[in-house]
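**Q** The structure that follows is given in the form of structure tokens.
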Amino acid sequence: MRRYLVLLIVPLVFVLDRWTKLLIIQELPVGRFIEVTPFFSIVHARNTGGAFSLLAQHAWAKPIFTVLPLLVIGMLLFVLIFYRMDFSKMLSLTCILSGAIGNIYDRLSYGNVVDFLDFYYGTYHWPAFNVADISISFGICFWLFVEMKAYFRAKSGKAAARP
């Protein structure tokens with residue numbers, strides 16, 4: 001039972017994601033922004049595509065970016081419930097799951113994802129993102145770190161074992 005405690009991250013990320021998105025929806029009209037610093041603004045953007053608005057201009061993007069995350073959510077739930085893994089891997093997959101649930105909620109509710117964090121330098125903008133995107137990005141980066149660490153540890157162990 002203790003191994004499932006990490007799944008408490010899911011409702012925490014979901015509530016934080018919903019709360020921040022609802023604040024943006026209620027307080028800032030779509031397309032408007034509040035400049036916070038010379039390199040960061042709070043914006044109200046709607047993303048109909050994938051990550052970084054990928055393929056947003058295509059009509060077939062909406063069904064793909066609705067069905068694909070649902071499949072990923074199902075797969076992650078299956079893996080997290082039925083496979084044994086160390087805490088680091090479970091944490092990383094739970095963060096990915098948490099963000100995916102937050103963004104699919106938007107897609108099913110609004111037909112798009114609400115983004116509001118906008119970093120930029122002059123006219124160069126990183127695509128706007130949200131709390132769910134942060135959770136997904138952290139989960140992916142942490143998972144890659146854990147896998148690379150295991151790979152290099154195993155590789156150095158093999159090198160040390162050679163005569």
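The values are calculated or read from the model by the stated rules, or taken from the named source; none is laboratory data. All figures in this text were calculated on a predicted structure; none of them were measured in a lab. Quick reminder, even Gly has a Cβ in these numbers, built from the backbone with ideal geometry, and neighbours come from all protein chains shown.
**Q** Using beta carbons and a limit of 7 Å, which pairs, at least six apart or on different chains, have the first residue in the stretch 46-72 and at negative phi and the second one among the hydroxyl-bearing types (Ser, Thr, Tyr) and at pLDDT 65 or above?
**A** Final answer for the pair search is 56/48; 61/48; 62/48.
**Q** Another question about this same structure. Which one is surrounded by the most Cβ atoms within 10 Å (Cβ to Cβ) among residues in the stretch 114-135 that are modelled with pLDDT of 95 or more and among the aliphatic types (A, V, I, L, M)?
**A** Checked the stretch 114-135; the qualifying residue surrounded by the most Cβ atoms within 10 Å (Cβ to Cβ) is 132.
**Q** Here's another thing I want to ask about it. Right, residue 97: of a type outside the set (Gly, Ala, Ser), surrounded by 11 or more Cβ atoms within 10 Å (Cβ to Cβ) and over 30 Å from residue 38 (Cβ atoms) or not?
**A** So residue 97 fits the description; yes.
**Q** Using beta carbons and a limit of 9 Å, which pairs, at least six apart or on different chains, have the first residue in the stretch 25-40 and exposed (fewer than 11 other Cβ atoms within 10 Å of the Cβ) and the second one assigned to a strand (DSSP E or B) and among the hydrophobic types (A, V, I, L, M, F, W, C)?
**A** Here the result reads 31/43; 31/45, each pair linking the stretch 25-40 to a residue that is assigned to a strand (DSSP E or B) and among the hydrophobic types (A, V, I, L, M, F, W, C).
**Q** Against the conditions (1) surrounded by 13 or more Cβ atoms within 10 Å (Cβ to Cβ); (2) of a type in the set (Lys, Arg); (3) not in a helix (DSSP H, G or I), where does residue 84 fall short? Just the number, please.
**A** Unmet for residue 84, out of (1) surrounded by 13 or more Cβ atoms within 10 Å (Cβ to Cβ); (2) of a type in the set (Lys, Arg); (3) not in a helix (DSSP H, G or I): (1).
**Q** If you check residue 111 against the conditions, is it at pLDDT below 90 and either farther than 15 Å from residue 14 by Cα or in contact with a strand residue (DSSP E or B) (Cβ under 8 Å, 6 or more places away or on another chain) (or both)?
**A** Spelling it out, residue 111 is indeed at pLDDT below 90 and either farther than 15 Å from residue 14 by Cα or in contact with a strand residue (DSSP E or B) (Cβ under 8 Å, 6 or more places away or on another chain) (or both).
**Q** Could I ask something else about it? Can you pull out every residue in the stretch 121-140 that is within 21 Å of residue 19 (Cα to Cα), of a type in the set (A, V, I, L, M, F, W, C) and over 8 Å from the mean Cα position of the chain (by Cα)?
**A** Residues satisfying the conditions are 128, 129.
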